[in-house]
Amino acid sequence: MGFKQGIRALLSGMALVAALHAPAAVLDNLYQVQLTQQEDQSRDQALREATVVMLQRLAGQNVDLKHQAIANALKSPQELMSRIATAEGGQLRIQFEPDALGRVLKQSGQPLLGPNRPGILLWAVEAGELGDRLLSPVAPRALLLKQAAQHRGVALSFPLADLQDLSLVSEQVIRQASSEELLEASKRYPADGTLALVAGGSDENTELQWTLWLNDQHQSGAISGPATQAADELMQALAAQVFAQYAIPAAATGEHAEWRLHVQGVDGVGAYSALLGMLRRLGTQQQPRLLSIEGDEVVLQVSFPGSEEQLERMLGLDMRLQRIEEPVSEPEPAPEFESVQTEPTDLPLAELDPNAPESPVAEAESAEMADEEDSAAPDVAATQQPVEPAAPALPTLYFRWRG
């Protein structure tokens with residue numbers, strides 16, 4: 001079975017194969033919440049707290065918990081869960097059901113953020129008595145930050161801190177939050193955001209100074225408090241910045257804008273199904289529509305409720321999809337004309353010379369032909385039909401698939 005036949009079969013069966021995840025941008029445990037049940041907290045209260053955390057991961061810190069659909073779900077949160085288990089240390093490990101959450105949030109009309117999220121690369125130093133030192137990814141404070149990032153749905157990662165990194169980034173560069181050096185060093189990593197962090201103080205009173213670069217925006221802040229609380233507050237601040245730039249606005253039926261995507265490099269059914277799986281995570285329940293296939297290029301029509309900038313930003317989270325410029329079509333060559341050899345003619349001079357006076361017979365024939373044409377000509381005003389305006393062309397984006 002050929003490429004086109006395989007794709008047709010895939011579409012007709014409506015069995016879309018899940019795409020392979022790009023490792024830097026997808027949170028595999030997004031729908032799992034782990035928390036400690038407090039001594040004065042009932043099990044139902046703990047489950048509701050976990051549900052609020054889950055809702056905030058998807059719909060932001062300002063999710064409307066008083067909306068009727070969400071309030072009803074919080075009354076019986078077990079209906080949103082597929083598994084409840086007890087982890088080490090008496091913690092509750094709760095697995096949520098994505099479809100059930102999606103139905104509730106769709107009813108509430110909340111903007112949503114899916115599992116594809118921008119990776120944030122952390123350059124951090126710890127302030128000590130002997131001066132600043134780079135924060136090791138296995139240091140207790142780093143592990144606390146990783147745990148808080150997972151809890152708030154932030155895709156946090158650490159640099160390798162090898163010779164190449166150290167040649168560009170020093171402790172002083174991180175403390176000063178020097179954008180030129182940090183952003184240059186971050187280019188070797190598949191991350192969309194860069195975070196500079198200075199951590200000091202004790203576990204009882206931790207002080208965090210942070211600066212985040214995400215796309216064309218720049219944010220800074222300072223946090224103080226117990227270590228666990230400070231780490232969680234930092235990750236909430238980062239999650240808010242991610243949500244502000246990447247959340248897909250809610251749209252009622254029929255409010256989605258239509259877009260045409262030209263994607264080159266789709267060289268097989270596996271690549272095509274992976275592309276479809278990625279497009280389905282754009283926040284719309286409508287299936288991408290296949291318009292054409294030519295060689296390794298497919299043209300798809302997708303629905304998306306946001307702007308072109310938001311669509312490009314969401315598509316850019318998958319490292320396999322690269323935006324390219326619109327191909328320039330080559331002009332068609334001008335037609336070649338053959339030279340015609342004229343032959344001698346025996347026509348009278350009056351017929352060869354356009355300025356020569358016509359004979360009376362020719363004048364009579366011309367007048368008769370003009371009268372016939374006038375009588376045969378239709379009434380244009382009476383026969384002309386109204387022309388329907390052409391449908392506006394869909395906005396088109398061009399990409400290359402590097403799966």
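Structure summary
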{"item": "Pairs where the first residue, in segment 291-306, is within 19 Å of Arg402 (Cβ to Cβ) and the second is among the aliphatic types (A, V, I, L, M) and open to solvent by 50 Å² or more (accessible area, probe 1.4 Å), C-beta under 6 Å, 6+ apart", "result": "Val299/Leu291"}
{"item": "Yes/no for Leu160 being among the aliphatic types (A, V, I, L, M), touching a helix residue (DSSP H, G or I) at 6+ places or on another chain (Cβ under 7 Å) and free of Cβ contacts under 8 Å to residues at least 60 places away in the same chain", "result": "no"}
{"item": "Breaking point among (1) touching a Ser or Thr at 6+ places or on another chain (Cβ under 6 Å); (2) at pLDDT below 85, for Glu336", "result": "(1)"}
{"item": "Residues being in contact with a Gly (Cβ under 7 Å, 6 or more places away or on another chain) and surrounded by fewer than 20 Cβ atoms within 10 Å (Cβ to Cβ) - total across segment 183-204", "result": "1"}
{"item": "Evaluation of Gln172 against (1) out of contact with any helix residue (DSSP H, G or I) (no Cβ under 9 Å at 6 or more places or on another chain); (2) more than 23 Å from Gln34 (Cβ to Cβ); (3) surrounded by 14 or more Cβ atoms within 10 Å (Cβ to Cβ) (one fails), failing number", "result": "(3)"}
{"item": "Where Gly254 falls short, out of the listed (1) surrounded by fewer than 15 Cβ atoms within 10 Å (Cβ to Cβ); (2) at pLDDT 95 or above; (3) not in a strand (DSSP E or B)", "result": "(2)"}
{"item": "Some residue of segment 116-131 being over 30 Å from Gly201 (Cα atoms), in contact with a Gly (Cβ under 9 Å, 6 or more places away or on another chain) and open to solvent by less than 40 Å² (accessible area, probe 1.4 Å)", "result": "yes"}
{"item": "Residues satisfying the stated conditions in segment 213-242, i.e. within 23 Å of Pro140 (Cβ to Cβ), part of a strand (DSSP E or B) and either of a type outside the set (Val, Ile, Thr) or open to solvent by less than 10 Å² (accessible area, probe 1.4 Å) (or both)", "result": "Gly221, Ala222, Ser224, Gly225"}
{"item": "Enumerated strands (runs of 3 or more DSSP E) restricted to segment 55-160, each holding at least 1 residues that are over 26 Å from Gln37 (Cα atoms) and acidic (Asp, Glu)", "result": "119-128, 131-134"}
{"item": "Any pair with Cβ under 9 angstrom, 6 or more apart, that starts in segment 177-188 at a residue that is more than 12 Å from Trp213 (Cα to Cα) and part of a helix (DSSP H, G or I) and ends at one that is open to solvent by 30 Å² or more (accessible area, probe 1.4 Å) and hydroxyl-bearing (Ser, Thr, Tyr)", "result": "Glu181/Ser170; Ala185/Ser167"}
{"item": "Candidate set from segment 74-88 (those that are loosely packed, with under 15 Cβ neighbours inside 10 Å and either among the aromatic types (Phe, Trp, Tyr) or out of contact with any strand residue (DSSP E or B) (no Cβ under 7 Å at 6 or more places or on another chain) (or both)); member that is modelled with the lowest pLDDT", "result": "Glu88"}
{"item": "Candidate set from segment 149-164 (those that are touching a Leu at 6+ places or on another chain (Cβ under 7 Å) and either open to solvent by less than 20 Å² (accessible area, probe 1.4 Å) or not small (Gly, Ala, Ser) (or both)); member that is nearest to Val26 (Cα to Cα)", "result": "Ala155"}
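So that you can scan it fast, the table gives a plain yes or no per residue for (1) out of contact with any Asp or Glu (no Cβ under 7 Å at 6 or more places or on another chain); (2) among the hydrophobic types (A, V, I, L, M, F, W, C); (3) open to solvent by 30 Å² or more (accessible area, probe 1.4 Å); (4) farther than 23 Å from Ala149 by Cα:
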{"position": "Tyr31", "(1), (2), (3), (4)": "yes, no, yes, no"}
{"position": "Arg43", "(1), (2), (3), (4)": "yes, no, yes, yes"}
{"position": "Arg48", "(1), (2), (3), (4)": "yes, no, yes, no"}
{"position": "Val53", "(1), (2), (3), (4)": "yes, yes, no, no"}
{"position": "Lys66", "(1), (2), (3), (4)": "yes, no, yes, yes"}
{"position": "Ala69", "(1), (2), (3), (4)": "yes, yes, no, yes"}
{"position": "Asn72", "(1), (2), (3), (4)": "yes, no, yes, yes"}
{"position": "Phe96", "(1), (2), (3), (4)": "yes, yes, no, no"}
{"position": "Ala100", "(1), (2), (3), (4)": "no, yes, no, yes"}
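The values are calculated or read from the model by the stated rules, or taken from the named source; none is laboratory data. What you see is a predicted model, and the numbers here were worked out from it, not measured in a lab. Please note: Cβ atoms are built from the backbone with ideal geometry, for glycine as well, and neighbour counts cover all protein chains shown. Side chains are part of the model used for accessible areas, which takes the heavy atoms of the whole protein and leaves out ligands, DNA and RNA. Shrake-Rupley method; radii C 1.70, N 1.55, O 1.52, S 1.80 Å.
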